[in-house]
Amino acid sequence: TAAQPTLQRQCMAVSEDGGVTFTKDESNPILTADMLSKEVSPLDFRDPRLFKKDGWYYLFQAEGGTGMGHRVSVARSKELFGNYEPCPFNPIMRQEDPKQAIQRCGHGKPVCTPKGEWYMVYLCGRQVDGKWSLLGRETALDKITWTADGWPMVNNLQGPSVLAKKPELPMFVA
């Protein structure tokens, strides 16, 4: 049997606030291909984002390349080195309608404001005539809500918003 492609164990330390220090250790996989979204080739995931919230380790990952169908999925575990279970709502961010302006949504990173509101910062492309993204890859922001059992949902699973209300943040003074 061929070896399963894996996201290699790169995590060496987790701080009290959930921050992670990475190093490469290819001998111990943390996430195997069968834990990923079943619709995408297991070789086609990248840019993992790992953080801890409410006793869970969440692993956000980009899937589907960087073209149409690019998306974000998530898995979680109570233990840093697994086993990770996929979110029942995967992918949590994807544009399903090829006629919409915002496409190619991926590489999502969850962030929390000082007021405790959650958002996902991600890359996307604004299509012109369904063919080009004149601005290249743009950065977008959509709200994350959490289900009662602790799963993230971005923009209520409606795909990317064309316009989103900015979070209420304190003024930055240099």
message = Just the number please: accessible area per residue for region 93-163, 1.4 Å probe, all protein chains included, in Å².
response = 55
query = Of the trypsin sites (Lys or Arg not before Pro) in region 56-108, which ones lie in a loop per DSSP and count no more than 12 other C-beta atoms within 10 Å?
reply = 78, 99
note = Checked region 40-174 against the a/c 1.5 cut and the a/b vs b/c comparison, axes a ≥ b ≥ c from its Cα gyration tensor; verdict oblate
task = Within region 73-124, list the GluC sites (Glu not before Pro) lying in a DSSP loop whose Cβ has at most 10 other Cβ atoms in a 10 Å radius.
result = 79
query = If you average the sequence gap of Cα pairs under 8 Å that are 6 or more apart and divide by the length of region 102-144, what percent do you get for the contact order?
reply = 38
ask   = What ranking, highest mean first, results for peptides 142-150, 119-127, 53-61 when packing means the other Cβ atoms within 10 Å averaged over each residue?
value = 119-127, 53-61, 142-150
query = Which of the pairs 131/165; 78/131; 53/131 have their Cα atoms more than 32 Å apart in this structure?
reply = 78/131; 53/131
Using θ = phi - 60° and Karplus 6.51 cos²θ - 1.76 cosθ + 1.60, couplings along region 113-119 (whole Hz; Gly, Pro as x) = 7, x, 8, x, 8, 9, 9
query = With all protein chains present, how much of the accessible area of region 93-174 (probe radius 1.4 Å) comes from carbon and sulfur, to the nearest whole percent?
reply = 57
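The values are calculated or read from the model by the stated rules, or taken from the named source; none is laboratory data. A quick note: this is a predicted structure, and the numbers were derived from the prediction, not measured. Please note: Cβ atoms are built from the backbone with ideal geometry, for glycine as well, and neighbour counts cover all protein chains shown. When the accessible area is computed, the model is the full protein with side chains, heavy atoms only, and any ligands, DNA or RNA have been set aside. Shrake-Rupley method; radii C 1.70, N 1.55, O 1.52, S 1.80 Å.
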